[in-house]
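The structure under discussion appears below in the form of C-alpha cells.
The values are calculated or read from the model by the stated rules, or taken from the named source; none is laboratory data. Because the structure is a prediction, the values reported are computed rather than measured. Because the Cβ atoms are built from the backbone with ideal geometry, glycine has one as well, and the counts that use them run over all protein chains shown. These accessible areas exclude ligands, DNA and RNA; they are computed on the full protein's heavy atoms, side chains included. Shrake-Rupley method; radii C 1.70, N 1.55, O 1.52, S 1.80 Å.
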Amino acid sequence: MKKLLPLTLLTLAATTATAGAQSLNGLELGLTGGYAGGLSGELFVHAPNVVGPVGIKAGVAYTRPSDAINDSAPTGLGGTFGDYKKPTSQGGLGYSESGSQTVVSLDGTYSLGELSPGLDATAYAGGRYGMFRANFGDSSQSTTYTTNPFGLGAGVMVSYALTGGLSLVTDLGVDTYFRSSITTNDNKGTVITSSTGSGDYNAVSNQFVRPGTVFKARIGVKTSY
C-alpha cells in the first residue's frame with residue numbers, strides 16, 4: 001500500500017495536466033462497482049477528446065477476492081492448506097483466509113461516438129499495476145503473501161445520460177497480469193522473496209491465489225464538468 005499513493009498521484013496528475021490543456025472542459029469523474037474476480041469497485045478520472053476522439057483515463061480499483069489461498073495446495077508437511085482450515089475437532093487448525101487486490105490503471109481512450117440518443121461508448125486500453133495480498137492463519141500464527149505485478153487491460157464503457165452532467169455507466173473489460181516476485185512473511189520476522197526464476201516460485205505461486213486474466217463487469221455513475 002505504500003506504493004499506492006505515489007502511483008495514484010502520478011496517474012491523476014498526468015490526467016489533470018493533460019486535461020488542463022483543454023481547461024478541464026468535459027472532465028469526467030466516475031465510480032463503478034461490480035465483479036472482477038470478486039466484489040470490486042473503481043474510482044476513475046477521464047479526460048475525453050484530448051486529441052480528437054482520443055482521451056486519457058486514470059483509475060484506482062479495489063477487489064475483495066472470493067478466494068485468496070488455494071485449498072488444494074500441499075503444505076509440505078503431509079497435508080493441504082484446506083486441511084488447515086478444518087476445525088480442530090476435525091483434525092485441522094481452524095485457520096481462515098483473507099485477501100485484497102488493489103489496481104492502479106492508466107488508459108488511453110477512444111470515443112466510439114453516440115450509439116443512439118443519449119447513449120455513447122468509449123473503448124480503452126492501457127497499463128496496470130497490481131498490489132495483491134493474501135493472509136492465512138489465525139490470531140496466533142499467520143502467513144502473509146504479497147506481490148506487485150504489472151499488467152495490461154482493455155475494455156469498453158457505455159454511458160447513458162440521465163440528467164445534467166450525470167450519466168449511468170457500464171464498464172466491461174479484461175485485465176491480464178505478468179508473473180512477478182512473491183514475498184512471504186510469517187509475521188514473526190522471517191520474510192522470503194521468491195523471484196520468478198527461483199526454485200520455490202512455483203510452489204509458493206500455487207499457494208497464493210491472485211489474478212492472472214480477469215474479466216470485469218461494473219456499473220455505476222459518472223459526472224462531467
Number of positions in segment 82-93 that are open to solvent by 40 Å² or more (accessible area, probe 1.4 Å) and either closer than 19 Å to N202 by Cβ or not hydroxyl-bearing (S, T, Y) (or both): 7
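Considering only residues that are closer than 26 Å to F215 by Cβ and either open to solvent by less than 70 Å² (accessible area, probe 1.4 Å) or modelled with pLDDT under 90 (or both), which ones fall in segment 63-81? Show your work before the answer.
Initial filter on segment 63-81 (closer than 26 Å to F215 by Cβ): 63-73, 81.
Matches in segment 63-81: T63, P65, S66, D67, A68, I69, N70, D71, A73, F81.
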Residue within segment 134-155 that is modelled with pLDDT of 95 or more, in contact with a Leu (Cβ under 8 Å, 6 or more places away or on another chain) and either closer than 17 Å to E42 by Cβ or buried (at least 16 other Cβ atoms within 10 Å of the Cβ) (or both) present: yes
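Here's the yes/no breakdown for (1) in contact (Cβ under 8 Å) with a residue 60 or more places away in the chain; (2) surrounded by 15 or more Cβ atoms within 10 Å (Cβ to Cβ); (3) over 18 Å from P65 (Cα atoms); (4) acidic (D, E):
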| position | (1), (2), (3), (4) |
| --- | --- |
| Y177 | no, yes, no, no |
| T190 | no, no, yes, no |
| P211 | yes, yes, no, no |
| G220 | yes, yes, yes, no |
Qualifying residue in segment 193-202 (condition: touching a residue at least 40 places away in the same chain (Cβ under 8 Å) and either within 17 Å of I69 (Cα to Cα) or open to solvent by less than 40 Å² (accessible area, probe 1.4 Å) (or both)): no
Boolean, S180 is part of a loop (DSSP other than H, G, I, E, B), modelled with pLDDT of 95 or more and under 21 Å from the mean Cα position of the chain (by Cα): yes
Lone unmet requirement of (1) at pLDDT below 95; (2) outside any helix (DSSP H, G or I) for P6: (2)
Any hit, segment 32-49, residues being touching a helix residue (DSSP H, G or I) at 6+ places or on another chain (Cβ under 9 Å), over 20 Å from G113 (Cα atoms) and surrounded by fewer than 22 Cβ atoms within 10 Å (Cβ to Cβ): no
